[in-house]
Amino acid sequence: MIKRELKINLKSFLIWELILIGMFLIVYLIYPYIITDETMKSMDELMGIFPEEVLKTFNMDMSSIATAYGWLKTEGFMFVLLIVGIYSSLLGGNIVLKEENDKTIEFLATLPIKRSKILVNKMIVSMIYIFSMVLLLGIFNYIALTISGDFDQKQFLLLSITPLMIGLPFFAINLLISTFMHKTKKVVGISLGMVFISYFLNICSELSSKVEFLKYFSIYTLADTRNVISEIRINPIIIIISIVITIVFIISSYIRYQKKEFI
């Protein structure tokens with residue numbers, strides 16, 4: 001069952017992974033040629049125009065983009081978090097529901113396999129792919145940064161882990177939502193909407209202290225990259241919250257899936 005799921009979801013995983021790696025490969029190849037003394041002077045002048053709140057949103061108040069690693073800590077990881085969030089959400093929304101949408105659930109129902117085993121196997125495969133996405137990208141970036149120049153290895157390692165803090169909760173939440181649905185099209189819209197709204201709320205919370213409370217409504221708050229950059233540590237509370245959210249929604253999905261009526 002696990003081998004079957006790994007094979008079915010492999011193509012999608014490779015597409016998303018190659019998109020990420022391809023983008024970073026382009027950056028590493030062209031960065032040494034586009035970042036010169038003149039371009040950095042122009043970029044510094046441009047950065048001076050933006051309000052501090054805007055720079056804070058992309059961690060540009062804490063890190064210079066004079067190097068590839070500096071870019072990675074700012075815009076780079078924001079892109080990673082967005083892609084990992086989208087992939088995890090879509091995986092959670094589709095991994096179980098597509099069997100029903102494609103009518104293959106009828107075939108599985110004829111086999112001597114319990115619903116609980118079907119769900120557990122799909123969750124295991126999903127976790128494998130989410131962890132693999134983060135791991136492979138981390139390995140690629142590590143090799144590229146080692147070639148391109150010096151960087152803080154501990155800081156990089158912790159930053160590379162942060163996407164898991166949002167990826168796993170997004171997966172678990174959308175997995176539960178999918179147990180109430182029968183069509184993948186509806187879940188795709190909900191999954192994407194959840195990611196972008198959460199991302200938007202997190203950005204807004206950084207723009208002003210008056211709307212800082214919005215961060216409590218965003219999963220992206222769990223990707224505490226600013227704390228990693230400044231303190232070179234991940235807040236243990238963030239890790240606990242991420243794990244608790246993931247476990248609560250996975251257990252809820254497990255309970256709900258046992259009661260779901262297939263059509």
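What the table below lists for this structure:
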{"read-out": "Filter pass, Ser64 being small (Gly, Ala, Ser) and modelled with pLDDT under 80", "value": "yes"}
{"read-out": "Ser218 being out of contact with any Ser or Thr (no Cβ under 6 Å at 6 or more places or on another chain) and of a type in the set (Gly, Ala, Ser)", "value": "no"}
{"read-out": "Set Ser126, Ser191, Ser132: member being surrounded by fewer than 21 Cβ atoms within 10 Å (Cβ to Cβ), farther than 23 Å from Ile65 by Cα, at pLDDT 90 or above and within 18 Å of the chain's Cα centre (by Cα)", "value": "Ser132"}
{"read-out": "Residue match in region 236-258 (condition: over 21 Å from Asn94 (Cα atoms), at pLDDT 90 or above and buried (at least 19 other Cβ atoms within 10 Å of the Cβ))", "value": "yes"}
{"read-out": "Residue that is within 23 Å of Ile250 (Cβ to Cβ) and assigned to a helix (DSSP H, G or I), where the choices are Leu168, Leu201, Leu214", "value": "Leu168"}
{"read-out": "From Ser160, Ser191, Ser198, Ser178, residue being farther than 30 Å from Ser116 by Cα and in contact with a Gly (Cβ under 7 Å, 6 or more places away or on another chain)", "value": "Ser160"}
{"read-out": "Meets criteria (surrounded by 16 or more Cβ atoms within 10 Å (Cβ to Cβ), under 14 Å from the mean Cα position of the chain (by Cα) and of a type in the set (S, T, N, Q)) for Ser178", "value": "no"}
{"read-out": "Odd one out for Ser253 among (1) more than 24 Å from Ile118 (Cα to Cα); (2) over 18 Å from the mean Cα position of the chain (by Cα)", "value": "(1)"}
{"read-out": "Scope region 217-235; condition aliphatic (A, V, I, L, M), part of a helix (DSSP H, G or I) and buried (at least 19 other Cβ atoms within 10 Å of the Cβ); matching residues", "value": "Ile219, Leu222, Val228"}
{"read-out": "Region 1-26, residues that are charged (D, E, K, R), within 16 Å of Asn94 (Cα to Cα) and surrounded by 14 or more Cβ atoms within 10 Å (Cβ to Cβ)", "value": "Glu5"}
{"read-out": "Single unsatisfied condition, Glu206 versus (1) at pLDDT below 85; (2) closer than 17 Å to Gly92 by Cβ; (3) among the charged types (D, E, K, R)", "value": "(2)"}
{"read-out": "Yes/no for Asp44 being closer than 30 Å to Cys204 by Cα, modelled with pLDDT under 85 and of a type in the set (Asp, Glu)", "value": "yes"}
{"read-out": "Glu261 acidic (Asp, Glu) and closer than 30 Å to Arg115 by Cβ", "value": "yes"}
{"read-out": "Check on Ser209, farther than 25 Å from Lys122 by Cβ, without any contact (Cβ under 8 Å) to a residue 24 or more places away in the chain and buried (at least 19 other Cβ atoms within 10 Å of the Cβ)", "value": "no"}
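The values are calculated or read from the model by the stated rules, or taken from the named source; none is laboratory data. Every value quoted in this text rests on a predicted model; they were computed, and no experiment measured them. Virtual Cβ from ideal backbone geometry, glycine too; neighbours counted across all protein chains shown.
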